[in-house]
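Before any comments, here is the structure.
Bear in mind that the values in this text are calculations on the coordinates, not laboratory data. Source: prediction; values computed, not measured. For neighbour counting, all protein chains shown are included, and Cβ atoms are generated from backbone atoms with ideal geometry for every residue, glycine included.
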Amino acid sequence: MKLVAGLGNPGVRYAFTRHNVGFWVLDVLERRGWVSLNRYMHRALCGRGRIGGKEVFFARPITYMNRSGEALVPLLGYLGLGAEDLLVVYDDVALPTGRLRLRGRGSAGGHKGIASVICGLGTDGFNRLRIGVGPPPPGVELPDFVLSKFSPKEREKMEGLVEEAADAVEVFVTAGLTEAMNRYNASS
C-alpha cells in the first residue's frame, strides 16, 4: 500500500491558491473515482481506494501547510507504512509554472510543508511530486505569492498540469517511482 498526500491549507480562503495545488490533485483523483475523502483521521481528510488493483490511502492534511508532518507521520504509523511508501504532492516555486518533477528524496528546498514532513519523519527519504508554480515576481514576498490565487490564464494552465499530476500519481502507484519519473520528468 502507498500513502498519497496532497498538501495545502484548509478553508475557502486558500482554495485556489498556489499553495493548494496538492489538494487540487486529490480533487482530480476523487473526481476520477479512485477515492472518496470522507474520513477524518490524524488531522487529515482521508480515504482508501485502489488504482490499477493496488491499494492506496489518500490524505489531505488539514493542519495548514507548515504543519503537514503532524498529520502524515501518525498516518504512516497507523497504516504500518514507512517513509518510502509516502508520496507527497505539493507546489514548488523553484519550478516554472507548468512543470512537474518526481523524486525519491531530497531537501525541503525552502518549502515549509516539506520541512515539517522531514522533521516529523526524521528522514528526507520519501517520494515527492513537485508541481511548478513559478517564482514570485519582483517585489512580491514569497508568502504573499504562494497564498495568492492564479490569474484566469494561469489557472487554465494549472488545471491541465494538475490533471497530468494526477496521471503521474496513478503511474507511481501502479508502476513505481522510476517509471513515473521516466514519463513525467521528461515530458514537462
| request: Place the peptides 162-168, 36-42 in order of packing, highest mean first, counting for every residue the other Cβ atoms within 10 Å and averaging per peptide. | output: 162-168, 36-42
| query | With a ≥ b ≥ c the root eigenvalues of the C-alpha gyration tensor of the chain, is it rounded (a/c under 1.5), prolate (a/b larger than b/c) or oblate? | reply | rounded
| query | How many nm is it between the label spots at Thr174 and Ser151, if each spot is 7 Å from the Cα in line with the beta carbon? | reply | 3.7 nm
| remark: Pseudo-spin-label distance Asp144 to Glu159, built 7 Å along Cα→Cβ, given in nm, is 2.8 nm
| Among the lysines, which fall within straight-line cross-link reach of Lys149, defined as a Cα-Cα distance under 17 Å, with same-chain neighbours fewer than 8 residues apart omitted? | Lys157
| message | Positive end of the dipole of the chain, charges at C-beta (+1 Lys, Arg; -1 Asp, Glu), about the Cα centre: which of Phe126, Thr178, Leu102 has its Cα farthest in that direction? | response | Phe126
| message | Taking the Cα centre as origin and putting +1 on Lys and Arg beta-carbons and -1 on Asp and Glu beta-carbons, what dipole magnitude results for segment 2-187, to the nearest 20 debye? | response | 180 debye
| request: Please work out how much length the chain gains when fully extended from Leu81 to Asn182, using 0.36 nm per residue of separation minus the C-alpha to C-alpha distance, in nm with one decimal. | output: 33.9 nm
| field | Mean separation of Cα contacts under 8 Å (6+ apart) over length of segment 2-187, as relative contact order % | value | 26 percent
| said: Given Cβ point charges of +1 (Lys, Arg) and -1 (Asp, Glu) and nothing else, what value in debye, to the nearest 20, does the dipole of segment 99-188 about its Cα centre take? | reply: 240 debye
| task | May I ask for the angle, rounded to the nearest 10°, between helix 69-79 and the longest principal axis of the chain, with both axes built from Cα atoms and the value confined to 0 to 90°? | result | 20 degrees
